[in-house]
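Colleague: Pasting in a structure now, in structure tokens, and then I'll have a few things to ask.
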Amino acid sequence: MGVLRRVRNLWRRDRLDAEIEEELRSHVEMAVEDAVRAGTPPQEARRSARLRFGDPLATRERTVEADAVTALGSLARDLRDALRRLRRSPGFTTTAVITLALGIGATTAIFTLVQQVMLRSLPVAQPEQLWRIGRDVSCCYSTRYNQDDWNLFSWEAYRYFRAGTPGFENLAAFQIGVGNAELAVRRAGSPAPAQTGIGEYVSGNFFDTLGISAWRGRLFTDADDQDGAPPAAVMSFHTWQQQYGSDPSVIGATYQFNGHAFTIVGITPPGFFGAKVAASDMPDFWMPLTTEPLIAGGTSRLRNPRLAWLNLIGRIRSGTNPKTLEAQLQVELHQWLGSHVGDMTPHERALWQTQSLHLTPGGAGVSLMREEYEKDLWLLLLAALCVLLVACANIANLLLARGMKDRPQTALLAALGASRARLVLKALVESLTLAVFGAVAGIAVAYAGARLILHLAIIGPEWIPVDAHPSIPVLLFALGLSLLTGVAFGIAPAWMTARADPIEALHGASRSTGGNRYWAPKMLVIVQAAVSVVLLSAAAMLGQSLSNLKHQNFGFDSSGRYLVSIDTKTSNYRQDQLVPLYQEIEERLRSFPDVHSVGSVLEAPMAGWVWPHDIRIEGKPEPGLKEDDSSGWTRVTPGFFETLGDQIVMGRPIAEEDNATTRPVAVINEAFAKKFFGKENPIGQHFGPTPRKNAGMYEIVGVARDVVFAGNAEPMYFLPEAQRTEFDEPESEEREVWSHYLYNTVIWAPGNPPGLEARVRKALADIDPHLLVSGVRPYSEVIDAVFAQQDMMASLMWLFGALGLVLAAVGLYGVTAYGVEQRTSEIGVRMALGADRGSVVAMVLRGAFWQVGIGLALGIPAAIGAGYLIANRLFGVTPWDPLMLLGSTVLLGLAALIAAFIPARRAASADPVRALRSE
Amino acid sequence: MARNDLQGSLDLLVLKTLSQRGKLHGYGIAVHIQQASSALLNVEEGSLYPALHRMEQSGWVASEWALTETGRRAKYYRLTGAGRRRLEVALGEFEELVKGVRAVLRYA
């Protein structure tokens, strides 16, 4: 038989079935009526009618067969039945599907991100064979011989491991940060301005180890990763497509990377993004490790054994036990460290033998993104599940109410001999059908939602290796979720309807409303209220925390200030060109009539990173091993303090006279003064970075008020751009060189000057068209961007909280309205006996608020618990903040009032006479 | 002869009932047969409905939903032209059957 015919019969049979059922029922009822009319007691009449009828199901089946329609499985029939019932009540179905779509959609959206960020393997060959060294993920480099859990390695250490570990079929190294790899890329001979790009230095066997092959051209090998080899680079497919228009002439062409010629030898396959997973700075280009000195020049890390900046990932040889391999690597680490005892600090010498490493599965790559978002995503998933729970409760309530209405019908089915299991199954099939519809709609919601979260909240416009498209695991998750929810919200109503009493049905009564029969809907409302309070208070706490973060005292006022980001290092300026360049830039900007002042800084407060140094004060004793002797530091031009509004409380700021011809000076902040000098006057004192011999390096000429650079007002010192000192320690020397490439210029131009950003860009382009300007932004925007993740958390929590609240209110409304409807006659009696409208409203509201009250009693402790769960994400908010709890309670109370007042008023406006007549 | 079984008899009773009473629902048919036979014949519902539906499939009866005097929805059956012709044939067949049975009983 053709499929089409089968399907048609399915429909046909469904219709016939219902008809036959009705026909048979009307038969029984007519028989009962006649018997009663003839004087038989109704009870007896019914019993004998049923007895006479024999086995009703068998009759029905035989009747159906007589209709010569193909029999199909009863499950399929239940499904048709369910679809018909759902189609028959479009209001109910629409409400339920939308509710479910929101619940399942929210949960699936978050799960999409959870899956992408936490559960996904790299798109490479046999990722399960990949192992990485290191348990934690840290960025971006270390300058110490002690890391506890070693995950960053120098080039020398990498080569040592690679040569001595046969347990790895291949061991590759790649850069986890972007230092020395921020590129200005220009096609050789092209007049077009350079484009910025992110590079990543990798070992020659990197692609081999991951087991990928070129999409176009070739990927480089160890032969390219050698001194003297012509510089080669590989471009990512994404970059090739998005920025180079999939131009085939890119392959084999020469490009200038920060002024150095590289040949693009090939393109990686689509979807491949390397072994690093991060929310920013994903590589556009891969370059061999040995090209690093070419680009980095004086700040090169390659040959410094102390500078650990590479992550190691290897393909394990089949048959090798990872435990054994780990033990061997451990031995190798100690052997390698042992060869460097000579250049360790005393502190490191005391600790190097306790160093250890861990071999961990590397199939998912090394994920900075995971480190950053894992906890937040789990939290969001939890919140989304709470919303889903509230949604399920609503649908359960709808189904319950409908089940009550359909009781007579269900009871009749029971009277006709349908088993309870059969009835439960029938009801479950319906709720599961509903859930699957919800899931389908939910997947659409999830796709849009995940994209929205990615687009708006997590990251900026940059490309990141996260795909919001629903993948197979996501689809399976949504399906599983829908089945789970279908059972969750379907089981109680199914069970309750299955308990339908046949006798009651034949009484034809739907009014018998024993008070405690409706405990289930009330319970559900209580749960909804409790969950909503938890969501709302979590949202309130995160929102307040975000606001505290944004409005904390940073020590400066961002209003009227603008931040220009200029990448002079990537633009390939020489050290000796920098001072005149910044002077020219600042003079040019200062000449704008609406600009008050201009100053430059290595990385501006709240806009970047602070380098720490361990400090030695001249004339003070060497600090103990455990003592914290570090301070942050940065480099500025003379206008910096005035432009930022950072007040000098003692001495003087950095000035024009602090240049190459005068003695090296520093301005410190109050925290520095307090930490190292206590109540002493710091002016005129000398200090320097470790070791002791540098202690006389800088003379303190001023003290500035504390400004928050990165999270806290920590000790800081400020050095003049125009001064340069020499270090014997390579990493201090590297930073010294690096620190002269000031990345930020701050402009103070109050009063919203029109078109300032465009004018600034033009001025900079006039100075040097090849200067890479990565942004001109209002300072407040920069600060907001710092808290983007907290912003996302707070916004999504609010969204979930609002969703939960609305659903809970709808649930309360439904239950109250249903209760009022059931009690119409009771209310009629009360009013007939003299109760006024006010007291009826009060009575209904009292009932509703009892439920909300119990919900609050459960929800508030749970909210406090949730507060402790998110305590480490809160800034200036305690987990049991009474104001937040009160706020959420009031919000819920208001919503409940509205939800309960509408049915209450309807109850009060009931006509007592009519209500009584229906009795 | 195959038609002259008990099922054939039930068909005949139903067709005859409908030809006498015009439109009737299943319950009415059962009641009529019972009353007309002075309660000698008791139609089992378990056989009646399959028979009705089979006859409908064969085109002997047609059905429609209508309200009873007491306002209840019920499925009413009526004879079609084909049903009338079938009744003639069935009556003839029944007479044949009765004759045959009598003859056997007489000479047995």
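Colleague: List the trypsin sites (Lys or Arg not before Pro) within the stretch A:91-136 that fall in a DSSP loop (any state other than H, G, I, E or B) and whose Cβ has at most 14 other Cβ atoms within 10 Å.
Modeller: Answer by residue number: A:Arg135.
Colleague: Something else now. Within the stretch A:614-629, find all residues whose amide N lies under 19 Å from a label point positioned 7 Å from the Cα of A:Lys693 along Cα-to-beta-carbon.
Modeller: Once the point is set 7 Å along Cα→Cβ of A:Lys693, A:614-620, A:622-623 turn out to lie under 19 Å by backbone N, inside the stretch A:614-629.
Colleague: Tell me, how many Å apart are the Cα centres for the stretch A:526-556 and for the stretch A:102-138?
Modeller: 28
Colleague: Output the DSSP H helices from chain A with an along-axis C-alpha extent of no less than 30 Å and a mean Kyte-Doolittle hydropathy no less than 1.6.
Modeller: Working: long enough: A:3-37 (50 Å, -0.80); A:90-114 (34 Å, 1.54); A:368-405 (55 Å, 0.99); A:420-452 (46 Å, 1.28); A:472-498 (37 Å, 1.82); A:519-550 (46 Å, 1.20); A:788-822 (50 Å, 0.98); A:837-869 (46 Å, 1.25); A:882-908 (36 Å, 1.58).
Flagged H segments are A:472-498.
Colleague: Another one. Would you please give the FRET efficiency between A:Gln126 and A:Glu587, computed as 1/(1 + (r/R0)^6) with r the Cβ-Cβ distance and R0 = 60 Å, to the nearest 0.05? Intermediate results must be reported in sequence, preceding the final value.
Modeller: Details: r = 59 Å, r/R0 = 0.99.
Computed FRET efficiency for A:Gln126 and A:Glu587 comes out at 0.50.
Colleague: Could you give the angle, 0 to 90 degrees to the nearest 10, between helix B:6-21's Cα long axis and the longest principal axis of the Cα atoms of chain B?
Modeller: Result, in degrees: 50.
Colleague: Report the antiparallel proportion of the DSSP beta bridges in chain A as a percent, rounded to a multiple of 5.
Modeller: In chain A, approximately 75 percent of DSSP beta bridges are antiparallel ones.
Colleague: Sticking with this one: Please work out the C-alpha center-to-center distance from the stretch A:742-788 to the stretch A:863-895 and express it in whole Å.
Modeller: 39
Colleague: Where the only charges are on Cβ atoms (+1 Lys, Arg; -1 Asp, Glu), what is the dipole of the protein assembly as shown about its Cα centre, to the nearest 20 debye? Could the numbers behind the result be given before it?
Modeller: Numbers: 99 positive and 102 negative charges, 1340 e Å.
Around 6440 debye, computed over the protein assembly as shown.
Colleague: Using the alpha-carbon centroid of each, what span in Å lies between the stretch A:322-345 and the stretch A:587-620?
Modeller: Result: 40 Å between the Cα centres.
Colleague: Extending each Cα 7 Å along its Cβ direction at A:Thr254 and A:Val487, get the distance between those two points in nm, one decimal.
Modeller: In this crude label model, A:Thr254 to A:Val487 measures out at 6.7 nm.
Colleague: Further, regarding this structure: When all alpha-carbon pairs of chain B are counted, what percent fall beyond 20 Å?
Modeller: Counting every Cα pair in chain B, those more than 20 Å apart make up 42 percent.
Colleague: May I pose another question? At most 10 other Cβ atoms within 10 Å and a DSSP loop assignment: could you name the trypsin sites (Lys or Arg not before Pro) in the stretch A:712-779 that fit?
Modeller: none
Colleague: Give me P(r) over the protein assembly as shown, computed from all C-alpha to C-alpha distances, binned every 10 Å, as integer percentages.
Modeller: 2, 9, 13, 15, 15, 12, 9, 8, 7, 5, 3, 2, 1, 0, 0
Colleague: Just name one of A:His469, B:Leu79, A:His358: the one whose Cα is farthest towards the positive end of the charge dipole of the protein assembly as shown (beta-carbon charges, Lys/Arg +1, Asp/Glu -1).
Modeller: B:Leu79
Colleague: Right, next: Using r as the Cβ-Cβ distance of A:Asp34 and B:Ala62, and R0 as 30 Å, what FRET efficiency do you calculate, to the nearest 0.05?
Modeller: Using R0 = 30 Å, I get an efficiency of 0.70.
Colleague: Restricting things to Cα coordinates, could you compute the convex hull volume per residue of the stretch A:749-816 in Å³?
Modeller: 142
Colleague: When the Kirkwood hydrodynamic radius is evaluated over all pairs of different C-alpha atoms of the stretch A:713-843, what value in angstrom, to one decimal, is obtained?
Modeller: 22.9
Colleague: Can you list the lysines whose alpha carbon is less than 29 Å from that of A:Lys375, not counting same-chain residues fewer than 8 positions off?
Modeller: A:Lys276, A:Lys323, A:Lys550
Colleague: Right, something else. Pull up the cross-link candidates among the lysines for A:Lys405, meaning alpha carbon to alpha carbon under 23 Å and not fewer than 8 places away within one chain.
Modeller: Hits, sequence-local ones excluded: A:Lys426, A:Lys522.
Colleague: Give the share of C-alpha pairs in each 5 angstrom bin for the stretch A:531-615, from 0 to the last occupied bin, in whole percents, shortest bins first.
Modeller: Answer for the stretch A:531-615: a P(r) of 3, 9, 13, 15, 15, 12, 10, 8, 6, 4, 3, 2, 0 percent.
Colleague: Cross-link candidates for A:Lys620: which aspartates and glutamates have Cα within less than 16 Å, leaving aside residues fewer than 8 places away along the same chain?
Modeller: Within the straight-line cut-off, A:Lys620 pairs with A:Asp628, A:Asp629, A:Glu680, A:Glu699.
Colleague: A further question follows. Within chain B, which is the longest segment containing none of the trypsin sites (Lys or Arg not before Pro) that sit in a DSSP loop and have at most 15 other Cβ atoms within 10 Å? Could you put the intermediate results ahead of the total?
Modeller: Working: sites that count: B:Arg3, B:Lys23, B:Arg72.
The longest such stretch corresponds to B:24-71.
Colleague: Starting from the Kirkwood Rh over alpha-carbon pairs, what translational D in µm² s⁻¹ does the stretch A:648-771 have by Stokes-Einstein at 25 °C and 0.890 mPa s?
Modeller: Result for D is 146 µm²/s.
Colleague: Next question. Give a quick list of GluC sites (Glu not before Pro) in the stretch A:654-687 that DSSP marks as loop, anything other than H, G, I, E or B, with at most 13 other Cβ atoms within 10 Å.
Modeller: In loop regions of the stretch A:654-687 (DSSP not H, G, I, E or B), the sparsely surrounded GluC sites (Glu not before Pro) are A:Glu656, A:Glu657, A:Glu680.
Colleague: Using just the helices of the protein assembly as shown, give the 222 nm mean residue ellipticity in deg cm²/dmol: DSSP H runs with n ≥ 4 each add -39,500 (n - 2.57), and the total is spread over all residues, rounded to 500.
Modeller: After summing the helix terms and dividing by residue count, I get -17000 deg cm²/dmol.
Colleague: So what is the orientation-averaged projected area of the stretch A:566-704, using the convex hull of its C-alpha atoms, in nm²?
Modeller: Working: hull surface 39.8 nm².
That works out to 10.0 nm².
Colleague: Are there cysteines in chain A with no other Cys C-beta under 4.7 Å, and if so, which?
Modeller: A:Cys386, A:Cys392
Colleague: Starting from the Cα of A:Gln575, step 7 Å along the direction of its Cβ; do the same at B:Gln34; then give the gap between the two resulting points in nm.
Modeller: Modelled inter-label distance: 11.5 nm.
Every read-out reported here was derived from the displayed coordinates using simple, explicitly stated rules and does not represent laboratory data. All values reported here derive from a predicted model rather than from experimental measurement. In this analysis, Cβ positions are derived from the backbone assuming ideal geometry, glycine residues included, and neighbour counts consider all displayed protein chains.
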